[in-house]
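Any read-out appearing in this document is the output of simple, stated calculations on the displayed coordinates, not a laboratory observation. None of the values given here were measured: they were computed from a predicted structure. Cβ coordinates were reconstructed from backbone atoms using ideal geometry, including for glycine residues, and neighbour counts include every protein chain displayed.
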Amino acid sequence: MRIFDPHVHMTSRTTDDYEAMHAAGVRALVEPAFWLGQPRTNVGSFLDYFDGLIGWERFRAAQFGIAHHCAIALNPKEANDPRCVDVLEHLPRYLVKDGVVAVGEVGYDSMTPEEDDAFARQLELAVVHDLPVLVHTPHRDKLAGTLRTLDVVRESGIPPHRVLVDHLNETTVRAVADSGCWMGFSIYPDTKMDEARMVALLAEHGAERVLVNSAADWGRSDPLKTRSTGLAMLEAGFDESAVDTVLWRNPVEFYGQSGRLLLDPAADGTTAAAGPVDAATGNSVLRGERP
Ligand SMILES: [Zn+2]
C-alpha cells in the first residue's frame, strides 16, 4: 500500500512516527501551516516556522524516505489576533518556494469578520500564485461553516478543482461534492470521522475527489490512520486500486496542480501511474525530480 498523507503536522511528531509511517507505506505527505497550541505573539514566530517547514522538516522527512511538501498560510484561529495578521504581507515570498504545493490551511474557526478577511485575501494569493488551496472547516457549527466556506470560494473565482475542503463528515460531504471542490476527511482516534464511517461514506459517495488524511498534530491523533483506513477499505471489499486512488492517486492529482510535487519514482510505482497532472501547463508531477 503506497500512501500520500495530504494533511499531517510532522513538526509535532517524533522520529518514531516517521519510521512507523514509512513502514506503513507512507512515501509522501503535505504539512499545512497551522497554529501551535501556544499562541504566537509576533510575525517573526511565523517566519521561523515557515522556514522550518520548507527546510528542516523536509530534510528530516527525507532521512526516513518520505517526500515532504508543505502548504503555507495564516491559520484561521490566529487570523483573529492583530499581532499575527501582518504575516499575510510575507506570504508571497514563501508561495514561490520549492516544496510549497498549496496555500493552507485557511478557512474558518469561529467565523469572525477577521477570518473572513484573511480567508478572502489568501484565496486571492492562491489565484495570483497559481496554487491549490487547503481549506479547514470549523469543528463547531460544521455545516454552517462549510456552506459559508463554499460561498466564499465561489465568490473568489478560484476554480473549485483547485480547492480541497477538509475535515468533512456525513453532514457536509454532499454540499462539497456538489460544489466541484475536492473532499478531505481526517480520521481521528476518538472523535469525528473514524475508519468505519469513512468506509461507509466511500461506499455511498465513491472515491472521486476524495482524500483521507490523519491530520496528526500535537493533540491526540494517529499518523497511521491513513493505512488503517486503507485496510478497512480492503476488509469491506474495495479492491487495491480503489485504495490506491484514495490514498495515493487523488492526493497526487490534487497537489500535482502546483507543478511542484517531488515524488520518488520507486514509491510511485510507475511514472505513468501518476501521469502528467497539469493539463494546462504540461507539468509532470515528477518535475524537479531529484537526480
Ligand atoms: Zn491541520
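Annotations for the structure displayed:
- Rounded Å value of the spacing that divides the Cα centres of segment 63-139 and segment 3-28: 22 Å
- Think of the chain as having a plus end and a minus end, set by charges on the Cβ of Lys, Arg, Asp and Glu; of His90, Leu143, Ala73, His90 sits farthest toward the positive end of this dipole.
- Take the Cα of Glu170, go 7 Å toward its beta carbon, and the backbone nitrogen atoms of segment 199-221 under 14 Å from that spot belong to 199-205.
- Remark: segment 147-204 carries a charge dipole of roughly 200 debye about the Cα centre, counting +1 on each Lys and Arg Cβ and -1 on each Asp and Glu Cβ.
- FRET efficiency for His161 and Arg83, using Cβ-Cβ distance with R0 set to 30 Å, rounded to 0.05: 0.25
- Fewest-first ranking of Arg93, Arg249, using other Cβ atoms within 10 Å as the exposure measure: Arg93, Arg249
- Residue with peak Gaussian network fluctuation, the chain [Cα springs, cutoff 10 Å], from His167, His69, His22: His22
- Across segment 3-284, the relative contact order, built from alpha-carbon pairs under 8 Å that are at least six residues apart, equals 19 percent.
- Computed over the chain with a Gaussian network model linking Cα atoms closer than 10 Å, the most mobile of Leu95, Leu231, Leu164 is Leu231.
- Listed pairs Lys142/Lys225; Lys97/Lys225; Lys77/Lys142 exceeding 25 Å between Cα atoms: Lys97/Lys225
- Seen from all directions on average, segment 3-284 presents a Cα convex hull projection of 13.2 nm².
- Extension gain from Leu143 to Arg220, taking 0.36 nm per residue of separation minus the Cα-Cα distance: 25.4 nm
- Rounded to the nearest 500, the 222 nm mean residue ellipticity of the chain from helices alone is -11000 deg cm²/dmol, with -39,500 (n - 2.57) taken per DSSP H run of at least 4 residues.
- Relative protection proxy for 101-108, 23-30, 219-226, from highest mean packing down: 101-108, 23-30, 219-226 (other beta-carbon atoms within 10 angstrom).
- Antiparallel content of DSSP bridges confined to segment 3-284, in %, to 5: 5 percent
- Dipole check for segment 71-176: with +1 at the C-beta of Lys and Arg, -1 at the C-beta of Asp and Glu, and the Cα centre as origin, the magnitude is about 280 Debye.
- The peptide list 4-10, 133-139, put in order of mean Cβ contacts within 10 Å with the highest first, becomes 4-10, 133-139.
- Simple spin-label estimate for Asp98 and Thr41 in nanometres, 7 Å along Cα-Cβ: 3.7 nm
- Positive-end residue of Gly184, Val210, Leu47, charge dipole of the chain with Cβ unit charges: Leu47
- Cα-centre dipole for segment 3-284 with unit charges at Cβ (Lys and Arg positive, Asp and Glu negative), debye to 20: 120 debye
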